[in-house]
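Each remark here refers to the structure printed beneath this line.
The values are calculated or read from the model by the stated rules, or taken from the named source; none is laboratory data. What you see is a predicted model; the values in this text were computed from it and never measured. Heads up, the Cβs are rebuilt from the backbone with ideal geometry, glycines too, and the neighbour counts pull from every protein chain shown.
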Amino acid sequence: MTPGNAALLAPGARAWRRFSPSVSMFVVMVVCIAASALAVLVATSRPWLGLTLGAGPGDAVILTDIARDGPAASSEAAPGFRLAGIGPGGNADGRSAVLLRGSDLVEEPDGLESYAQAAAFLARQSELAALLQQSVLTLHVVNDETAEAHALEVHPRARPVRALPPVFWVQLVSGLAGFAIGAWIWAMRSGDIGTRLFALSGFGLLVSALPAAIYSTRELAVDGDLFAMLSAFNHLGVHLFGGAMVALFLSYPRPLVRPIWLLSVPIVLAPWLWADIGGLLPDPTIGMYAPMMAEMLLIALLVALQWRLARRDPATRTALRWLGLSVVLGAGAFVAGIAAPLLLGAAPALSQGYAFAFFLIVYGGIALGIRRYRLFDLGDWAFRILFYSGGVVLLVALDAALIWLLNVERAPALGVSLLLVGFVYLPLRDALWRRMHGRQILPEHELFASAMDVAFGPTSGARAERWHSLLARLYDPLETVPAGAVEDVVASPDGLELLLPEVAGETALRLRYPGGGKVLFGPRDLQLASQLVTLVARAEASRAAYDRGVAEERQRIARDLHDDVGARLLTGLHRADTQTRPILQEALSDIRTIVSGLSGKTATLDGVLAEARHETMRRLEAAGIDLDWEIPDQRAEHVALSYMQSKALLSSVREIVSNVIRHSAARIVHARIALSETSMRLRIADDGRGMSCQAEPAGYGLGNIRQRLGGVGGTLAITSDAGGAALEIVMPLGGPGQSREPGAESGRFL
């Protein structure tokens, strides 16, 4: 808040800021309940005849409906009859009756042609209201079809709540909703000039709607002085609303003038209001509707100007589009339906009472805009307070309705109200909250499990993929792109982007347009992302520490194998006989492979094949079998194998050579190698007696070979005939930690 804005804060506003939003909203709800009760009390304190009246041809008053349990219920009167006059009791001849005119039923006197007519109308209202105060009245009704006249004696009584027409409740709800939403926004950010002006507009709507609900839904008449006072409050509320909206768009979302210049709005409107109430202007229509039209045009102009100034600020334009559209559509519809026709000398397009419902577009739209675009920088927490406050109001309203409308005793009424709020309102509120929230909310235990799942992925690629999946599940962004150097979780001021630091083997990320582009990143999202990044980072640190411990232990075991077991085998190799020496040589080879694997070293395909060739040559030579092993070209030097792959390849070759020696009776063995971009094929063939391919014979160890190769994604194929057997090993290449020479050709036997 700027110093200029702070200077405009009244002492009461500064005192209001000391209260928490919950306490403030409790006070607002109390005011709403009190205002509702006052409006209903005033509306029902007038004498009631049980009639619904309407203006008919020739300025006549027509009975449109008669309440069955009302004072005027009679077999001598029916809807469609004309109510010619009303007089004191015992006045059957009609000499003391006051003749009624259709103009007595005018909903809003602001549309009369002159202030003199308005004064005469109020005088008639006082005369009729005084007459209605008598305990017994005579109604003079006429059936114009048969020319029959009847004099009905009735005993007026207080108007029951259930007799209030729907248009009364429309105006009451519209005023209360505008005031409650405006005050709710102010309670959340009471120090902001924009929220104060919006709250003032809601208060203006309440001051305008509630008096109008009383006098526009009168059965026949309201005392002229009370009518004039209610009308004055109605005018005051209209100008409070319009002036506050003009000042709002002068200062939000960008200030167009210095804060002190906002005082020019009441400086202009206050004298006009005084002149209108005093009857100093040309006519009531000009006095009431001309400034309303001017305010509406000025609001539209300011919205357009703010739109132009925000042409380089998409976030401000988005918020302004929602706010401006809500105000222009809601208030504009009221002006177009009521003010514009009257200023042009035509009848209003619809009842003024029902036209108040257009203002629900303004305040309902703003409430939705807060959820979607965080107007006035409000978020989810503001809606929680609003929902709980709404539950309090609903409980009181249901309790009052059951008592007044259905004549239920107080204790059962409260019980029924609690049941309805608990079993209807609260589930509906929760469903609405989930729908409004849009994004999925994970329980804490599931969030923890997901973070652990990310941190303990088997590879960096798997961890990055799981991290992306978790972010998509939580935020559903339309776009996830790499970001530059990011030290901490940061949300952009407009709520469109969320920056995440490097974590889970993934570079820093920029998430854009959460909730499928329907919502913005808020404080809750920022807090959740910070907790999530911290949790994953700590889990990764724990995993890294564990990996370091495992690596150190493997190094120790590898040193022990090499220094102790290897040294003893090497000593035994020099002392062994010719039968034992090959066994010790194979054991030393296995130890070298195991030590290399424990040390985390990767072997090249060329080195593994060379070791396999050397061992095979030595074993076949001892068995009297020749070896034809073609050496691959230099491409094999660039192919890295993991420990699991090298171990699987060496063990498979060793088992195949063992089978040749034991079972084939071969004279020569041929070995051929083929390399491709994605795999290696090693074909070992002999010229022996062959083997069965239909059912693999026992004792050949082929199952072990298939199992070892399957562990690294490889396969074993066997062909055999009378001229010998051939076994082909296929092993995929290009996995983690592997590389191949660029431009390697498709495999062919070398």
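Of all residues in the stretch 307-343, those being closer than 25 Å to ALA213 by Cα and more than 28 Å from the chain's Cα centre (by Cα) number 12.
Mind listing whichever residues of the stretch 466-478 are under 16 Å from ALA504 (Cα atoms), in contact with an Asp or Glu (Cβ under 9 Å, 6 or more places away or on another chain) and crowded, with 16+ Cβ neighbours inside 10 Å? Working first, answer last.
Taking the stretch 466-478 and keeping what is under 16 Å from ALA504 (Cα atoms), we get 466-472.
Now drop any that are not in contact with an Asp or Glu (Cβ under 9 Å, 6 or more places away or on another chain), which leaves 466-468, 470.
Those that are under 16 Å from ALA504 (Cα atoms), in contact with an Asp or Glu (Cβ under 9 Å, 6 or more places away or on another chain) and crowded, with 16+ Cβ neighbours inside 10 Å: ARG466, TRP467, LEU470.
Scanning the stretch 95-116 for residues that are in a helix (DSSP H, G or I) and either in contact (Cβ under 8 Å) with a residue 60 or more places away in the chain or of a type outside the set (S, T, N, Q) (or both) gives GLY102, ASP104, LEU105, PRO109, ASP110, GLY111, TYR115, ALA116.
Listed here are the residues, each with its yes/no results for (1) under 26 Å from PRO57 (Cα atoms); (2) outside any strand (DSSP E or B); (3) touching a strand residue (DSSP E or B) at 6+ places or on another chain (Cβ under 9 Å); (4) assigned by TED's automatic domain parsing to the domain that holds SER74.
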position	(1), (2), (3), (4)
GLN125	yes, yes, no, yes
HIS140	yes, no, yes, yes
ALA151	yes, no, yes, yes
GLN171	no, yes, no, no
GLY175	no, yes, no, no
PHE179	no, yes, no, no
ILE185	no, yes, no, no
ARG196	no, yes, no, no
PHE203	no, yes, no, no
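Yes or no: the stretch 51-66 includes at least one residue that is part of a loop (DSSP other than H, G, I, E, B), under 30 Å from LEU176 (Cα atoms) and in contact (Cβ under 8 Å) with a residue 40 or more places away in the chain. First the steps, then the outcome.
So in the stretch 51-66, the residues part of a loop (DSSP other than H, G, I, E, B) come out as none.
Looking for residues that are part of a loop (DSSP other than H, G, I, E, B), under 30 Å from LEU176 (Cα atoms) and in contact (Cβ under 8 Å) with a residue 40 or more places away in the chain, one finds none in the stretch 51-66, hence no.
Taken over the stretch 642-683, the criterion of being under 20 Å from ALA622 (Cα atoms) and of a type in the set (D, E, K, R) is satisfied by ARG654, GLU655, ARG662, ARG667. Across the stretch 500-513, the qualifying residues are those that are modelled with pLDDT under 80 and either more than 20 Å from ALA483 (Cα to Cα) or in contact with a helix residue (DSSP H, G or I) (Cβ under 9 Å, 6 or more places away or on another chain) (or both), and the one among them that is surrounded by the fewest Cβ atoms within 10 Å (Cβ to Cβ) is GLY505. What are the residues in the stretch 445-463 that are crowded, with 16+ Cβ neighbours inside 10 Å, in contact (Cβ under 8 Å) with a residue 40 or more places away in the chain and within 26 Å of the chain's Cα centre (by Cα), if any? Correct list: LEU447, ALA451, VAL454. Scanning the stretch 623-663 for residues that are out of contact with any Phe, Trp or Tyr (no Cβ under 8 Å at 6 or more places or on another chain), among the polar types (S, T, N, Q) and surrounded by 20 or more Cβ atoms within 10 Å (Cβ to Cβ) gives GLN645, SER646, SER652. Output yes when any residue across the stretch 698-711 is modelled with pLDDT of 90 or more, polar (S, T, N, Q), within 52 Å of the chain's Cα centre (by Cα) and assigned by TED's automatic domain parsing to the domain that holds LEU620, and no when none is. No; the residues of the stretch 698-711 include none that is modelled with pLDDT of 90 or more, polar (S, T, N, Q), within 52 Å of the chain's Cα centre (by Cα) and assigned by TED's automatic domain parsing to the domain that holds LEU620. Any residue at all in the stretch 507-517 that is closer than 29 Å to ASP547 by Cα and among the small types (Gly, Ala, Ser)? Within the stretch 507-517 (the criterion being closer than 29 Å to ASP547 by Cα and among the small types (Gly, Ala, Ser)), the answer is yes, since at least one residue qualifies. Cβ separations smaller than 8 Å between residues 6+ apart or across chains give no pair from the stretch 519-538 residues that are more than 9 Å from ALA451 (Cβ to Cβ) to residues that are polar (S, T, N, Q) and assigned to a helix (DSSP H, G or I).
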